[in-house]
């Protein structure tokens, strides 16, 4: 028998059988490793990257209580943060505050140049004084003619003429008063005041700048009216209730927690806003906004991202999941 025939009929078939046996043994070995290693149920192997904390479940059962873990952010109550805008277009003459400046309600924060308005007010004031004088003279003339009519020294037509002249001058005087009020309101718009007590957190203009109507000027924040707005996943909605105790923690304060309480739960689910760009989470996830009030003083600042741990109450026995064993596989 030649060497070629020997290779084709004996050696190659034996090599194929040996290679198939090795592959079969390797496959059975991997399967046994999966069966013995519960971590393999998640599809991870030694050396493979484990899922991060952000992709883990947002709720857990500790003892007989369910705990909801969610991300949140320190926000202000409605009306506690005000962006003060310009009610009139013009040039900024003075900015009375800086960032971190405390302000009280009614304090002037920005002033506009109002030379033209002041001139109009002076002109209107002079015309109002003139109208007052003419109205007073017409009233005296009316009384004089009325006396003459009572003595039958003049006709009633003269009295009527004096009376209607007096009414016309009164109307002119009232019109000038309305002009004065309009100019006073326009002059008041040149002095922008703070509508609330708080601290200036942003200053958008400088003296000498020309701004348009509704342009932002100053942002004022009441630091005493802050709370946390968290986002919980939709499958934890039934375990979150108003009044549930909350633990608040921040990465920048390791080992410290602050007590809170669920104050308000939204009625509508929304898209994720705290970390919408997180690649570890689906972009179409719907979350429920939950507002949490602080129950103790804290150093947390506006806009800070926090982690909240909401006590979801006792876990129903029927909802307890059995442990996954090897027999269930």
When you scan the range 149-162, how many residues do you find that are exposed (fewer than 15 other Cβ atoms within 10 Å of the Cβ) and in a helix (DSSP H, G or I)?
-> 5
Which numbered condition residue 204 misses (of (1) touching a residue at least 24 places away in the same chain (Cβ under 8 Å); (2) surrounded by fewer than 18 Cβ atoms within 10 Å (Cβ to Cβ)) = (1)
What is the one condition in (1) without any contact (Cβ under 8 Å) to a residue 12 or more places away in the chain; (2) outside the structural domain of residue 115 (by TED's automatic domain parsing) that residue 167 does not satisfy?
-> (2)
In the range 16-122, which strands (runs of 3 or more DSSP E) lie fully inside it and hold 3 or more residues that are closer than 28 Å to residue 286 by Cα, at pLDDT 85 or above and in the same structural domain as residue 251 (by TED's automatic domain parsing)?
-> 65-76
Please specify each residue of the range 177-218 satisfying the condition of being in a loop (DSSP other than H, G, I, E, B) and within 18 Å of residue 115 (Cβ to Cβ).
-> 190, 207, 208, 209
Taking the stated definitions as given, is residue 282 modelled with pLDDT of 85 or more and exposed (fewer than 13 other Cβ atoms within 10 Å of the Cβ)?
-> no
Which condition number does residue 212 fail, the rest of (1) under 30 Å from residue 96 (Cα atoms); (2) in contact with a strand residue (DSSP E or B) (Cβ under 6 Å, 6 or more places away or on another chain) being met?
-> (2)
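The values are calculated or read from the model by the stated rules, or taken from the named source; none is laboratory data. Every value quoted in this text rests on a predicted model; they were computed, and no experiment measured them. As a convention, Cβ positions derive from the backbone with ideal geometry for all residues, glycine included, and neighbour counts pool all protein chains shown.
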